[in-house]
Amino acid sequence: MVMAGVLTLSAQSIYDFKVRNIAGQDVSLSDYKGKVLLIVNTATRCGFTPQYKELEALYEKYQEEGLEILDFPCNQFGQQAPGTILEIHQFCTANFDIRFPQFDKIDVNGENAHPLYRFLKQDTDIKWNFTKFLVGSDGRVLKRYEPADKISNIESEILKAIRTNNRK
């Protein structure tokens, strides 16, 4: 029985999941087919919160080439994402002028972890805010980055993924 669950999980791509946007509507991640994705769990009161500025710079630089950054606020780590998703969005736009898509707050660990994050992380829990997953245009997870990983290192791998996608 466990083996069947493992096979089912390994057969999925991120396109099999739905998430809730800031307006409370379900969005299928299949809407992002063909894009390179950077999926991030974030918080507004974290030492890594200034990464919003770097993430927005990546988005502005590569969005037209096929990059999407998907932001999932999470309040599981030190209660550092308080407030409603609309309050979080207002904070992020006012302080970092973000334009990439934000989604409703989710749990990334534990029994209430969102199915997307169960898929992304497999069996290794998220340690803190601003863990990132680079997903290729085919929906496969290419790499996981920890919060302290330098955005400049992530950028070079994003660029490789975009170039690979654009050659198809």
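Miscellaneous remarks
- Within the assembled protein chains, the solvent-accessible surface assigned to His114 is about 40 Å², based on a 1.4 Å probe.
- From helices alone, the chain scores -10500 deg cm²/dmol at 222 nm; the rule is -39500 (n - 2.57) for each run of n ≥ 4 DSSP H residues, then divide by the residue total.
- 1.4 Å probe accessible area per residue over the chain, in Å²: 52
- As a rough guide to protection, the peptides 58-66, 41-49 ranked by mean Cβ packing within 10 Å, highest first, stand as 41-49, 58-66.
- Spin-label model, Ser152/Gln25: points 7 Å from Cα along the beta carbon direction are separated by 4.0 nm.
- When the solvent-accessible area of region 71-168 is split by element, carbon and sulfur atoms take up 47 percent of it, the probe being 1.4 Å.
- Estimated from the Cβ-Cβ distance and a Förster radius of 41 angstrom, the FRET efficiency linking Gln63 and Asp125 is about 0.85.
- Label-point separation, Lys33 to Arg140 (7 Å along Cα→Cβ), nm: 1.8
The values are calculated or read from the model by the stated rules, or taken from the named source; none is laboratory data. Just so it is clear, the structure is predicted and the values come from calculations on it, not from any experiment. Neighbour counts run over all protein chains shown; Cβ positions are idealised from the backbone, glycine included. Please note that ligands, DNA and RNA were not included when accessible areas were found on the heavy atoms of the full protein model with its side chains. Shrake-Rupley method; radii C 1.70, N 1.55, O 1.52, S 1.80 Å.
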